[in-house]
Every structure is written in structure tokens, then in C-alpha cells.
Amino acid sequence: MDKELANISDNILEDLLSKLPLPDSAKDSMRNFLNLRRELSKESDRGMTLYATSYLDKKLESLLQNKLIGNKKHFKDLFSFNGPLGTFSSKIKLAFSIGLIDKDSMDDINVLRKIRNEFAHSDQNIDLDSEHIKKLINKLKLNVTPEGASMKHIFINVVAGISGRIEGSLNTAKKFNELISPDLDKRKAEFNTVMEAVLKEIN
């Protein structure tokens with residue numbers, strides 16, 4: 001399937017989607033899903049892992065921005081390289097902790113992150129069939145591929161599945177309510193009224 005997808009042009013893909021009896025939002029999700037699988041299928045094993053985790057990193061950032069409160073500058077500080085949400089790992093942890101992704105998704109994204117690190121830091125010629133990479137892939141919980149599927153097929157399926165879950169959360173997550181600063185003059189007047197009443201009672 002993924003080899004065939006890699007050869008489908010944008011025009012053919014759009015033609016196929018136009019014939020599906022789905023609402024526009026569902027077609028957008030399907031378009032994102034198919035485009036992701038198509039792009040991943042074109043890459044080498046190393047390129048695919050780097051592309052996939054970068055993609056999920058950006059999706060989590062978008063998801064968190066949909067939920068969290070702040071202006072552009074605030075978000076820039078939050079997600080900057082040295083910011084509290086500047087790493088893939090920190091985004092994964094927070095997205096789980098505030099209920100935007102489930103535990104299986106969190107665990108699998110962390111496995112994908114470890115696979116990425118293996119490729120990014122190895123000076124050896126490794127691929128998805130390397131023994132230590134296969135062990136990591138076999139830990140993925142959201143693998144729904146048939147038995148005997150290739151490591152690449154499993155990897156792509158899990159990444160696409162997680163992307164779909166994040167896409168669903170993007171459509172349903174509501175922004176936190178912003179706390180309103182108290183009216184200090186009103187509070188001061190209320191405090192003074194209470195103090196006056198107390199002093200009258202004492203005197």
C-alpha cells in the first residue's frame with residue numbers, strides 16, 4: 001500500500017478524495033493521513049524516523065497551543081529551544097498530563113523518540129531491521145499491522161495512527177479558561193468596609 005501511495009500525485013489524491021462521501025473536516029483528516037504515509041514511504045529508514053518524529057513534535061505543539069493560554073510572544077517563549085516546552089519529550093509529557101493524549105500514545109511516541117535518537121546519534125549504518133531497533137519497534141502498543149509485516153510498515157502504521165489520534169484531539173480540545181485579574185480597587189474598598197465594621201465592634 002505505502003509503495004503505491006508514494007507514487008500517487010497530488011492531483012490523483014485530490015481526485016480520489018473528492019469522490020468520497022465525507023464532510024470537509026473528515027476529508028482534511030484523510031488528506032493529512034494519506035500525505036503523511038506517502039511522504040514517509042519515500043524516505044530512507046533514517047530519513048523516515050527523523051521526518052516522522054519531527055512531524056509528531058509539530059503536531060503536539062499545535063495541539064498544546066490549541067489548549068494553552070497565551071499570545072504569540074508567550075508561545076514563542078514557551079516553545080523556544082530553551083523554553084519549558086522546547087523539547088519533544090516535554091511536549092509529550094505535558095500533552096499526556098493534561099489529558100490531550102492517552103497513555104498508549106504517550107508510550108509509543110516515546111518509543112519513536114528513542115528510535116529517532118538511535119538513528120540521529122549512531123555513526124553505524126543501521127536501519128529498521130537492525131536488532132536493537134527491531135526490539136524498540138516490537139514495544140509499540142498501537143501496532144495493528146498483520147503478523148509478519150515489515151518493520152517499516154509497522155513504523156509507518158503506528159506513526160499514522162498516532163497522528164490521527166492527535167488530529168482528533170485538535171478538533172475537540174477546548175482552550176483553558178483564562179483567569180481574570182481581581183479588581184484591586186473593589187477588593188480594597190471591601191476590605192476597608194470589613195475593617196471599619198470590625199473596629200466599630202471593638203470600640
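The values are calculated or read from the model by the stated rules, or taken from the named source; none is laboratory data. Everything numeric here is computed off the predicted structure, so don't read it as measured data. Backbone-built Cβ (ideal geometry, glycine too); neighbour counts: all protein chains shown.
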Condition broken by Glu178, with the remaining ones in (1) among the charged types (D, E, K, R); (2) under 27 Å from Gln65 (Cβ atoms); (3) in contact with a helix residue (DSSP H, G or I) (Cβ under 9 Å, 6 or more places away or on another chain) satisfied: (3)
Number of the exception - Arg37 against (1) charged (D, E, K, R); (2) touching a helix residue (DSSP H, G or I) at 6+ places or on another chain (Cβ under 8 Å); (3) in the same structural domain as Ser150 (by TED's automatic domain parsing): (3)
The range 40-64, residues that are free of Cβ contacts under 8 Å to residues at least 12 places away in the same chain and either of a type in the set (A, V, I, L, M) or surrounded by 15 or more Cβ atoms within 10 Å (Cβ to Cβ) (or both): Glu43
Residue satisfying condition, being more than 18 Å from Leu34 (Cβ to Cβ) and assigned by TED's automatic domain parsing to the domain that holds Ile101, within set Asn157, Asn143, Asn171: Asn143
The range 114-141, residues that are surrounded by fewer than 18 Cβ atoms within 10 Å (Cβ to Cβ) and either under 20 Å from Ile166 (Cα atoms) or among the basic types (Lys, Arg) (or both): Lys114, Lys134, Lys135, Lys139, Lys141
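Within the range 179-191, can one find any residue that is in contact (Cβ under 8 Å) with a residue 24 or more places away in the chain, surrounded by 10 or more Cβ atoms within 10 Å (Cβ to Cβ) and out of contact with any Ser or Thr (no Cβ under 6 Å at 6 or more places or on another chain)? Show your work before the answer.
From the range 179-191, those in contact (Cβ under 8 Å) with a residue 24 or more places away in the chain are none; that's our starting set.
No, the range 179-191 contains no residue that is in contact (Cβ under 8 Å) with a residue 24 or more places away in the chain, surrounded by 10 or more Cβ atoms within 10 Å (Cβ to Cβ) and out of contact with any Ser or Thr (no Cβ under 6 Å at 6 or more places or on another chain).
Output the residues belonging to the range 88-109 that are in a helix (DSSP H, G or I) and either in contact with a His (Cβ under 8 Å, 6 or more places away or on another chain) or aliphatic (A, V, I, L, M) (or both). Quick ask: steps written out before the conclusion?
To start, the set of residues in the range 88-109 that are in a helix (DSSP H, G or I) comprises 88-97, 103-109.
Residues satisfying the conditions are Ile92, Leu94, Ala95, Met106, Ile109.
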Contacts under 9 angstrom Cβ, first residue in the range 131-148 being in a loop (DSSP other than H, G, I, E, B), partner among the hydroxyl-bearing types (Ser, Thr, Tyr), 6 or more apart: Lys141/Ser105; Leu142/Ser105
Number of the exception - Thr53 against (1) closer than 30 Å to Ile137 by Cβ; (2) at pLDDT below 95: (2)
Where Leu85 falls short, out of the listed (1) farther than 20 Å from Glu167 by Cα; (2) in a loop (DSSP other than H, G, I, E, B); (3) at pLDDT 95 or above: (1)
Tally of residues being surrounded by 11 or more Cβ atoms within 10 Å (Cβ to Cβ), free of Cβ contacts under 8 Å to residues at least 24 places away in the same chain and farther than 20 Å from Leu179 by Cα across the range 78-99: 9
